[in-house]
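One structure is given below, encoded as structure tokens.
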Amino acid sequence: MSRSVLRESPNAALDKTILNKYMDLPQPDDKIQAEYIWIDGTGEGIRSKTRTLNTMPSKASELPIWTYDGSSTYQAGGENSEIFLQPVAIYKDPFRRNNNVLVMCETFNFDHTPTATNKRIKCREAMDSGAVKKEEPWFGIEQEYTLLDIDGRPLGWPKHGFPGPQGPYYCGVGADKVIAREIVEAHYRACLYAGVPICGTNAEVMPSQWEYQVGPSLGIAAGDDLWISRFILHRIAEEFGVVVTLDPKPIPGHWNGSGAHCNFSTKTMRAENGLAEIERAIDRMSKRHVLHIRAYDPREGKDNERRLTGTCETSSIHDFSSGVANRNVSIRIPRAVAEEKRGYLEDRRPSSNCDPYSVTDALVRTCILNE
């Protein structure tokens, strides 16, 4: 597998050890490299660029606002192309280390209105409301993804055929079951270093498909944490010459798709007899199923149509359903939650390429604000 990737990927063919002699050069104390990161006009793509700071920021508001060419990111025309970058969250940089930082940013048009893909601002409005703050919403997002060779084929799959049927790959161990664990381990450690609350990882049902979990994150931080974790994943895979896809159904047929299941709880749900509040939230979501489906992938349900078929551990996109310990429903109540009568619910509908700001915004507006 690795020899094939080395032949096909120019990134993997580069000798990475040469970089080390430059990265080992002393970095001046008064020079900080800040990697500004943002969501492009597709609502899925991640872009970034670097600037030098003279002091180490302690919070995002201390970082300068910057601009970029929106005509090259599907966000503006060439005649008026500048888009503003507003820093909103800071993480340690696991690639440059030292005092260098990753900076999550919101994006604004020339007239200072949010860009079409700046879903964070609407989410922040909901999270900042008194009713939501009082309920202290926690989110844990399970990010599934698939590793591809540079030719777009799942990494390690036969070039002119398919691997054996699903069954031995989920949480698998062994060279005949698991592909590219090195990327997964590197990503896990890099997220821990950066300050992303990554809390687990596992091989998924389809070969070359993996999952990691981020959370619990409070309020708006859930979206920030997941986007930064995605950036780190793409950057690490880049170094290995491997492509990460968040396509919710990268391989048609009886192969599992990829989701971003969202575990959600409020202070009331976590309290004694919180199951009653969980059931109330599920009832509210049942009445807003179409609204949630539109919020749960960048193409307002079109991507999820390929995944939410009622097969391969999914519910039908057209019907709302719920159940205890059932993975073929829209909303799952874990067995332990049902027994303890408090805890959280799992929304299994978000697609792997969802915008977590849209997902968490929809959940608090439906379940807490009852909008």
Three semi-axes of the equivalent ellipsoid, the range 117-221, Cα gyration tensor, whole Å, largest first: 35, 15, 13
Highest-MSF residue in the chain out of C354, C171, C191 [GNM, Cα springs under 10 Å]: C171
FRET efficiency, L369 to Y22 (Cβ-Cβ, R0 56 Å, nearest 0.05): 0.65
Residue among S208, S81, S358 with the largest mean-square fluctuation in a Gaussian network model of the chain, springs linking Cα atoms under 10 Å: S81
Inter-centroid distance (Cα atoms) of the range 283-334 relative to the range 162-176, Å: 27
Spacing of the two label points (7 Å from each Cα toward its C-beta) at E62 and E300, in nm: 4.3
For S316, residues with placed amide H under 5 Å, excluding near neighbours: G310
Under 5 Å, built H, 5+ apart or other chain: amide partners of G172: A203
For G274, net neighbour charge (Lys/Arg +1, Asp/Glu -1) across residues whose Cβ lies under 14 Å away: -2
Most to least packed among 286-292, 133-139, 164-170 [average Cβ atoms within 10 Å]: 133-139, 286-292, 164-170
The chain, helix-only ellipticity at 222 nm - DSSP H runs n ≥ 4, -39,500 (n - 2.57), divided by all residues, nearest 500: -8500 deg cm²/dmol
In Hz, Karplus ³J(HN,Hα) per residue of the range 48-62 (6.51, -1.76, 1.60; θ = phi - 60°; x = Gly, Pro): 7, 8, 10, 9, 9, 10, 9, 9, 7, x, 9, 8, 4, 5, 7
Peptides ranked, highest mean first, by Cβ atoms within 10 Å: ranges 14-25, 313-324: 313-324, 14-25
Amide H contacts under 5 Å for N353, placed H, 5+ residues apart: none
In nm, spacing of pseudo-spin labels at Y193 and F95 (7 Å Cα→C-beta vector): 1.2
E79 paired with C171, simple spin-label distance in nm, labels 7 Å along Cα-to-beta-carbon: 5.9
Theoretical gain in end-to-end length, H254 to S286 [0.36 nm per residue, Cα-Cα removed]: 8.7 nm
Full-stretch length increase - D69, E8 - with 0.36 nm per residue and alpha-carbon distance subtracted: 18.9 nm
Three-way shape label, the range 201-269, alpha-carbon gyration tensor, a/c 1.5: oblate
Proximal charge balance of E239 [Cβ under 14 Å; K/R count +1, D/E count -1]: 0
Global geometry of the range 289-336, whether rounded, prolate or oblate, following the gyration tensor of its Cα atoms and the 1.5 cut on a/c: prolate
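Every read-out reported here was derived from the displayed coordinates using simple, explicitly stated rules and does not represent laboratory data. Nothing here was measured: the structure is a model prediction, and the numbers come from that model. Reconstructed Cβ throughout: ideal geometry from the backbone, glycine too, with neighbour counts over all protein chains shown.
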